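Trainee: Here's a structure for you.
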Amino acid sequence: PFHDSTDVDIVVRSRDHVDFYTHKIFLSYASSYFKCHFLLPPKDSYRSQNTFHIMNLEEDARTIDMMLRFCYPRSCYPEEPQLDGFDAIKHAMQLAKKYSL
């Protein structure tokens with residue numbers, strides 16, 4: 001669901017080079033980390049390509065997909081994040097802590 005470039009203003013790129021077309025407003029509301037990050041001047045991990053800004057993250061595509069599903073309202077992407085087992089829940093909690101979700 002994060003591959004539609006209509007009306008997006010930032011691309012979140014995973015460490016395995018998968019691009020997620022996202023909206024700053026949803027990320028900012030869900031995470032104080034992103035809210036503060038978007039207020040800072042661009043740096044190496046946040047560069048412009050065409051009309052989109054690209055924000056490189058350390059996580060893989062599966063992890064970023066899970067994180068974005070927590071950030072977006074269910075009305076946008078009704079599929080729940082996949083938390084199949086204790087390790088996935090633990091990983092989601094670590095991600096929530098890292099990005100202040």
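The values are calculated or read from the model by the stated rules, or taken from the named source; none is laboratory data. For clarity, every value in this text was computed on a predicted model and none was experimentally measured. Note that each Cβ is placed from the backbone with ideal geometry, even for glycine, and that neighbours are counted across all protein chains shown. In case anyone asks, the SASA skips ligands and DNA or RNA and just uses the protein heavy atoms, side chains included. Shrake-Rupley method; radii C 1.70, N 1.55, O 1.52, S 1.80 Å.
Trainee: Accessible area per residue for the chain in Å², computed with a 1.4 Å probe and the full protein assembly in place, what is it?
Mentor: 63 Å²
Trainee: Between D4 and C36, what is the label-to-label distance in nm when each label sits 7 Å out along the Cα-to-Cβ direction?
Mentor: 3.3 nm
Trainee: Which whole-Hz couplings ³J(HN,Hα) result when phi for each residue of the stretch 14-20 is put into the Karplus expression 6.51 cos²θ - 1.76 cosθ + 1.60, θ = phi - 60°, listed in order with x for Gly and Pro?
Mentor: Ordered by residue, 3J(HN,Hα) equals 7, 5, 9, 6, 9, 9, 10 Hz.
Trainee: Could you tell me the calculated FRET efficiency between R15 and R74, based on Cβ-Cβ distance and R0 = 25 angstrom, to the nearest 0.05?
Mentor: With R0 = 25 Å, the Cβ-Cβ based efficiency is 0.40.
Trainee: Using the alpha-carbon atoms, what tilt in degrees (0 to 90, nearest 10) does helix 61-71 show relative to the longest principal axis of the chain?
Mentor: 90 degrees
Trainee: Sticking with this structure for a sec: Under 18 Å between C-alpha atoms is the cut-off here; go through the chain and count lysine pairs that meet it, provided they're at least eight residues apart or on different chains.
Mentor: 7
Trainee: Using 5 Å bins from zero, what percent of all Cα-Cα pairs in the chain falls into each bin?
Mentor: 2, 13, 23, 28, 21, 8, 3, 1, 0
Trainee: Where in the chain lies the longest segment free of trypsin sites (Lys or Arg not before Pro) that are both loop residues by DSSP (not H, G, I, E, B) and have at most 11 other Cβ atoms within 10 Å?
Mentor: That gives 1-42 as the longest site-free run.
Trainee: Something else now. Angle, helix 86-98 long axis vs. longest principal axis of the chain, Cα atoms, 0 to 90°, nearest 10?
Mentor: Helix 86-98 and the main axis of the chain meet at about 30 degrees.
Trainee: Further, regarding this structure: Tell me, what % of the accessible area of the chain is carbon and sulfur with a 1.4 angstrom probe?
Mentor: Accessible surface attributable to carbon and sulfur in the chain totals 54 percent.
Trainee: Rounding to the nearest 20 debye, state how big the charge dipole of the chain is about its Cα centre with +1 on each Lys and Arg Cβ and -1 on each Asp and Glu Cβ.
Mentor: Roughly 440 debye, rounded to the nearest 20.
Trainee: Is it possible to state the helix-based mean residue ellipticity at 222 nm for the chain, with each DSSP H run of 4+ residues giving -39500 (n - 2.57), the sum divided by total residues, to the nearest 500 deg cm²/dmol? What is it?
Mentor: Computed ellipticity for the chain at 222 nm equals -11000 deg cm²/dmol.
Trainee: Taking a probe of 1.4 angstrom, what is the accessible area of M66 in Å², to the nearest 10?
Mentor: Answer for M66: close to 20 Å² accessible.
Trainee: Build a GNM of the chain with springs between Cα atoms under 10 Å: which of S28, S75, S14 gets the top mean-square fluctuation?
Mentor: S75
Trainee: Given a 1.4 Å probe and heavy atoms of the protein chains only, how would you sort C71, C76, C36, largest accessible area at the top?
Mentor: C36, C76, C71
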